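Chemist: Handing you this structure, nothing more for now.
Any read-out appearing in this document is the output of simple, stated calculations on the displayed coordinates, not a laboratory observation. The structure presented is a predicted model; accordingly, all values stated were derived computationally and were not measured. All Cβ positions, even for glycine, are placed from backbone atoms using ideal geometry, and neighbour counts span all protein chains on display.
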Amino acid sequence: MDKRTVLFVDDEEKLLSSIRRILLDEPYETLFANSGSQALEIIEQEQVHVIVSDLFMPEMNGLELLTIVKNSYPHVIRLVLSGNTDRDILLKAINQGEISRFIPKPWESTEEFRTIIRQAIECYDLHSEREMLMAFCEQMIDGKEPVEINIRLIQAVISNRRRHMYDWRQKCDAPLQS
């Protein structure tokens with residue numbers, strides 16, 4: 001499996017720098033954008049698996065961005081990182097942008113933040129694997145012989161899933177560094 005990529009979008013450069021520092025040793029790629037339009041440019045050029053966006057930004061707000069991402073890239077897992085906890089705004093973000101998680105600014109701890117991002121990646125992986133396995137099962141049900149590549153692909157998914165779980169356990173069992 002390819003290395004996963006998480007895109008962080010916020011108009012506060014200091015916050016993006018802070019995120020960059022705390023995620024330096026994580027086993028996934030990180031990309032950063034300081035506007036919704038820059039985020040969309042990145043998504044068009046790079047494969048993004050998870051997007052974490054602030055809600056309130058100039059030009060295009062996070063809700064508009066996440067709604068576009070939902071419609072154009074529905075497989076991307078969407079999270080909100082915001083200091084605003086207005087219930088109506090959050091419900092609108094959840095309903096329109098179909099976000100998976102809300103992360104308050106400032107977050108509780110560095111480790112909690114890392115864990116939330118890991119969980120989003122895990123969610124992406126599980127959805128992707130489910131889709132691939134469903135396609136494989138549909139071939140079997142339709143009476144088609146699965147091609148050898150599909151069997152190899154399923155074996156690779158199982159192997160990668162086992163290795164991935166081992167890597168996450170190693171990372172989660174490591175001493176906390178804030």
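Chemist: Counting only residues that are touching a helix residue (DSSP H, G or I) at 6+ places or on another chain (Cβ under 7 Å) and over 20 Å from Leu55 (Cα atoms), which one in region 1-20 is surrounded by the most Cβ atoms within 10 Å (Cβ to Cβ)?
Modeler: Initial filter on region 1-20 (touching a helix residue (DSSP H, G or I) at 6+ places or on another chain (Cβ under 7 Å)): 1, 4, 6-10.
This time we only want the ones that are over 20 Å from Leu55 (Cα atoms), so: 1, 4.
Working: Met1: 13, Arg4: 22.
Filtering region 1-20 for residues that are touching a helix residue (DSSP H, G or I) at 6+ places or on another chain (Cβ under 7 Å) and over 20 Å from Leu55 (Cα atoms), the one surrounded by the most Cβ atoms within 10 Å (Cβ to Cβ) comes out as Arg4.
Chemist: So, one more: Need the failing condition index for Ser100 against (1) of a type in the set (Gly, Ala, Ser); (2) in contact with a helix residue (DSSP H, G or I) (Cβ under 7 Å, 6 or more places away or on another chain); (3) loosely packed, with under 15 Cβ neighbours inside 10 Å, just the number.
Modeler: So Ser100 meets the others, but not (3).
Chemist: Could you list, in sequence order, all residues of region 21-36 that are surrounded by 13 or more Cβ atoms within 10 Å (Cβ to Cβ), assigned to a helix (DSSP H, G or I) and out of contact with any Ser or Thr (no Cβ under 6 Å at 6 or more places or on another chain)? Steps first, answer last, please.
Modeler: Just the residues of region 21-36 that are surrounded by 13 or more Cβ atoms within 10 Å (Cβ to Cβ), to begin with: 22-23, 26-36.
Add one more test, that the residue is assigned to a helix (DSSP H, G or I), and what stays is 22, 36.
Across region 21-36, the qualifying residue is only Gly36.
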